[in-house]
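S.K.: Supplied in structure tokens, the structure appears directly below.
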Amino acid sequence: QFGTVSTDARFAPDEANDFRPDVVVMPAGVPLADRGPMRGVPHLAVEVQSPDQTVHFLRSRAVHYLRLGVRVVWLVYPSKKIVEVLTLNSAELFVVGDTLNGGDALPGLALSVADVFAGVE
């Protein structure tokens with residue numbers, strides 16, 4: 001009902017931009033490309049912070065995605081067990097005990113932050 005989820009999708013909405021988030025949710029009915037980058041953008045992009053990535057780097061990447069048309073970006077910070085949810089108009093932090101939602105981009109989507117970090121020490 002929410003669309004297609006992928007951990008290996010590359011996007012090139014135009015000739016000047018090319019990106020590959022850690023996880024994406026494409027709109028329902030939009031198939032993933034078999035080869036090469038997809039045209040268009042996902043409704044939701046998720047980036048998980050690697051040990052060598054700064055918060056500033058991830059936020060800059062999120063802003064870039066949003067300007068390209070991604071509707072919601074989740075930035076996942078495993079070491080702090082926090083998820084930052086960004087749209088063009090807002091930024092909000094979610095912690096264990098909270099529930100993430102898809103907002104207008106993916107109505108009905110609900111995922112507990114505890115589930116996001118299940119198994120993370």
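S.K.: Specify which of the listed residues (Val5, Val30, Val48) is under 15 Å from the mean Cα position of the chain (by Cα), surrounded by fewer than 17 Cβ atoms within 10 Å (Cβ to Cβ) and modelled with pLDDT under 85. Step through it out loud before you land on a result.
M.R.: Numbers: Val30 fails: under 15 Å from the mean Cα position of the chain (by Cα); Val48 fails: modelled with pLDDT under 85.
Within the list Val5, Val30, Val48, the selection yields Val5.
S.K.: Hey, among Val120, Val96, Val113, which residue is among the hydrophobic types (A, V, I, L, M, F, W, C) and under 24 Å from Ser60 (Cβ atoms)?
M.R.: On the way: Val120 fails: under 24 Å from Ser60 (Cβ atoms); Val96 fails: under 24 Å from Ser60 (Cβ atoms).
Being among the hydrophobic types (A, V, I, L, M, F, W, C) and under 24 Å from Ser60 (Cβ atoms) holds for just one of Val120, Val96, Val113, which is Val113.
S.K.: Suppose we filter Leu86, Leu68, Leu100, Leu109 for residues that are farther than 19 Å from Thr4 by Cβ and either without any contact (Cβ under 8 Å) to a residue 40 or more places away in the chain or of a type outside the set (S, T, N, Q) (or both); which single one remains?
M.R.: On the way: Leu68 fails: farther than 19 Å from Thr4 by Cβ; Leu100 fails: farther than 19 Å from Thr4 by Cβ; Leu109 fails: farther than 19 Å from Thr4 by Cβ.
Matching residue, one of Leu86, Leu68, Leu100, Leu109: Leu86.
S.K.: Search the stretch 79-101 for residues being of a type in the set (S, T, N, Q) and assigned to a strand (DSSP E or B), and hand back the single one that is farthest from Phe19 (Cα to Cα). If you could, list the steps in order and put the result at the bottom.
M.R.: The first filter runs over the stretch 79-101 and keeps only residues of a type in the set (S, T, N, Q), leaving 79, 87, 89-90, 99, 101.
Imposing the further condition that a residue be assigned to a strand (DSSP E or B) reduces the set to 99, 101.
Details: Thr99: 27, Asn101: 24 Å.
The selected residue is Thr99.
S.K.: Pairs under 8 Å by beta carbon, first residue closer than 15 Å to Glu47 by Cβ in the stretch 6-26, partner at pLDDT 80 or above and of a type in the set (Asp, Glu), six or more apart or different chains?
M.R.: Pairs found: Thr7/Asp22; Pro21/Glu47; Asp22/Glu47.
S.K.: Checking Leu109 against (1) at pLDDT below 95; (2) of a type outside the set (Ser, Thr, Tyr); (3) within 18 Å of Val41 (Cα to Cα); (4) part of a strand (DSSP E or B), which test does it fail?
M.R.: Unmet for Leu109, out of (1) at pLDDT below 95; (2) of a type outside the set (Ser, Thr, Tyr); (3) within 18 Å of Val41 (Cα to Cα); (4) part of a strand (DSSP E or B): (3).
S.K.: Residue check: is Val120 in contact (Cβ under 8 Å) with a residue 40 or more places away in the chain, out of contact with any Phe, Trp or Tyr (no Cβ under 8 Å at 6 or more places or on another chain) and more than 21 Å from Gly3 (Cα to Cα)?
M.R.: Working: in contact (Cβ under 8 Å) with a residue 40 or more places away in the chain: yes; out of contact with any Phe, Trp or Tyr (no Cβ under 8 Å at 6 or more places or on another chain): yes; more than 21 Å from Gly3 (Cα to Cα): yes.
Here the answer is yes, as Val120 does meet what is asked.
The values are calculated or read from the model by the stated rules, or taken from the named source; none is laboratory data. None of the values given here were measured: they were computed from a predicted structure. Because the Cβ atoms are built from the backbone with ideal geometry, glycine has one as well, and the counts that use them run over all protein chains shown.
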